[in-house]
Amino acid sequence: MNLILLGAPGAGKGTQAEIVCDKLGIPAISTGNILREAVKNGTEMGLKAKSFMDSGALVPDDVIIGIIKERLAQPDCSKGFILDGVPRTVAQAEALEEMGVDIDKVVDLEVADEVIMRRLSGRRVCSACGASYHLEFKPSREPDRCDRCSGPLIVRKDDEPATVRDRLAAYHEQTEPLVEFYRQRGKLVVVEGQDNIADTTALLLKALEA
Ligand code: AMP
């Protein structure tokens with residue numbers, strides 16, 4: 001199954017992608033995580049992406065298309081994959097089509113902007129493996145330590161309120177048109193994001209079966 005998770009930053013794409021990839025046995029591919037890793041390692045790509053990410057803007061399409069081309073060519077993607085946070089522009093979606101990537105379903109995870117503002121203030125991520133947590137909705141077992149790899153949990157720089165507002169604006173302007181793009185192709189399913197993570201997963205899995 002080749003899936004795309006669409007939705008605003010903080011809608012729960014990463015959290016749901018982690019759960020669903022374990023259930024379906026296919027990798028979750030997050031361009032955000034790949035970019036953060038590149039920034040951490042100080043690679044050329046990381047240096048190019050950093051200022052865009054810190055300001056809440058989207059990284060240029062050519063960088064993203066290069067990342068995704070390389071990642072989808074890895075052997076673990078042969079049985080399927082979940083794209084989390086990509087495509088984020090019509091140009092990226094068109095590039096996927098041009099690459100001949102066949103998408104089965106696109107899930108639009110819908111959450112209101114006010115809820116997102118509240119959620120992102122409590123988000124913590126593992127600085128080692130990228131797993132995400134929430135102080136209230138998904139606390140780690142040990143404070144400030146990752147359940148998966150024991151890495152330190154940190155606040156993402158771009159989760160600060162002013163940056164979140166810019167990321168939401170970028171989402172509405174550049175990414176939301178993809179909802180219509182995939183609806184026209186008959187691939188869109190809409191899932192209302194719930195406060196409870198397991199409730200959202202249940203709705204998501206049901207939508208994938210339909
Ligand atoms: P995320 O973790 O998905 O919220 O991504 C964090 C940041 O990485 C975004 O705010 C963008 O600056 C950048 N980014 C991640 N994925 C993409 C993408 N597909 N297109 C453009 N920028 C992206």
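Figures for the structure shown
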{"read-out": "The stretch 101-210 - charge dipole about Cα centre, Lys and Arg +1 at Cβ, Asp and Glu -1, debye rounded to 20", "value": "360 debye"}
{"read-out": "Alpha carbon centroid spacing (whole Å) that separates the stretch 44-109 from the stretch 155-179", "value": "16 Å"}
{"read-out": "With eigenvalues of the C-alpha gyration tensor scaled by 5 and rooted, the chain, Å", "value": "23, 21, 18"}
{"read-out": "Computed over the chain: relative contact order in percent, which uses C-alpha pairs under 8 Å that are six or more apart", "value": "30 percent"}
{"read-out": "Beta bridges per DSSP with both ends in the chain, % antiparallel, nearest 5", "value": "30 percent"}
{"read-out": "Pairs beyond 32 Å (Cα-Cα), from K40/K79; K40/K206; K50/K206", "value": "K40/K206; K50/K206"}
{"read-out": "Per-peptide average of other Cβ atoms within 10 Å, ordering 2-9, 196-203, 90-97 highest first", "value": "2-9, 90-97, 196-203"}
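Quick note: the coordinates plus some simple rules give every number you see, no bench work behind them. This structure is a prediction, so every number in the text was calculated from the model and none was measured. Here Cβ is always computed from backbone atoms with ideal geometry, including for glycine, and neighbour counts include all displayed protein chains.
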